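What follows is a single structure, written as structure tokens, with notes after it.
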Amino acid sequence: MGLYSKGVIEQHIYYVDFDPVQQNEFNGKHMAIVLQKNKDNQTAIVIPLTSSSKGDNKLNLGKIHNLPGDLNKRNSYLVLDQMRTVNYNRFSQFIDKGNYIQVKIDDAFFYKAIESVLLNSIRSMELDNKIDFFIKILNKLKLEKLVNLCYSWKKLEEKQKIYEKEIKELIDLSVNYEEELNQKDIDNGILDLINNLKK
């Protein structure tokens, strides 16, 4: 029985039934890391894991301690050239001591998997082209962060205007705030702020 969309979580490991397949494709029921849930809410991109070191294009992740039973005592290998999109019907959860469990891999393993898949996908590119490729990605990410920070700044400015209006409405010109405020508030600049907003 497969899983529903909410039952599949990125950066988690599940059993995935890769059959039926065509010749030379990765087959059988294997553990796999969910790299990305697709927007159709029916499929996910996974990369299979195997305990066998035989074959080409595999990366040894070592022992994944979150796996149940004896699975965490063996090395797990990413099969780098068999990443694929699969339907949630192919997924099944791990069972430990009679209970279904979620197996999340830590950030270090997940980032290593992503990095390895990415580098493997561009392995035929010239080195200079690889460098240009990653520079373009870096610049896009920096632009995205810049835009996000600008929006955050604008929201803060809007909040600041609201606070300024409310503070001005609360300021009583007949009150000597230097006498009324405690020393901690004065040291933290509250008196200066009030005096500036009085103007």
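Structure data summary
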{"quantity": "Condition check for K63: of a type outside the set (A, V, I, L, M) and farther than 20 Å from K104 by Cβ", "calculated": "no"}
{"quantity": "Top-ranked residue in region 13-29 [being assigned to a strand (DSSP E or B) and surrounded by fewer than 19 Cβ atoms within 10 Å (Cβ to Cβ); ranked as modelled with the lowest pLDDT]", "calculated": "K29"}
{"quantity": "Residue match in region 64-79 (condition: aliphatic (A, V, I, L, M), at pLDDT below 90, surrounded by 15 or more Cβ atoms within 10 Å (Cβ to Cβ) and not in a loop (DSSP other than H, G, I, E, B))", "calculated": "yes"}
{"quantity": "Criterion violated by K39 - all others in (1) more than 24 Å from R123 (Cα to Cα); (2) in a loop (DSSP other than H, G, I, E, B); (3) modelled with pLDDT under 90 satisfied", "calculated": "(3)"}
{"quantity": "Filtered residue count, region 42-63, keeping only those that are over 20 Å from V8 (Cα atoms) and in a loop (DSSP other than H, G, I, E, B)", "calculated": "7"}
{"quantity": "Segments classed as helices (runs of 4 or more DSSP H), wholly inside region 121-193, with at least 3 members that are in contact with a helix residue (DSSP H, G or I) (Cβ under 7 Å, 6 or more places away or on another chain), without any contact (Cβ under 8 Å) to a residue 40 or more places away in the chain and over 30 Å from I47 (Cα atoms)", "calculated": "127-170"}
{"quantity": "For Y100: the one exception among (1) of a type outside the set (A, V, I, L, M); (2) part of a helix (DSSP H, G or I); (3) within 30 Å of D40 (Cα to Cα); (4) free of Cβ contacts under 8 Å to residues at least 12 places away in the same chain", "calculated": "(2)"}
{"quantity": "Matching residues in region 159-199 - criterion: being among the polar types (S, T, N, Q) and exposed (fewer than 11 other Cβ atoms within 10 Å of the Cβ)", "calculated": "Q160, S174, N176, N182, Q183, N196"}
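The values are calculated or read from the model by the stated rules, or taken from the named source; none is laboratory data. Not measured: the values here are computed from a predicted model. Virtual Cβ from ideal backbone geometry, glycine too; neighbours counted across all protein chains shown.
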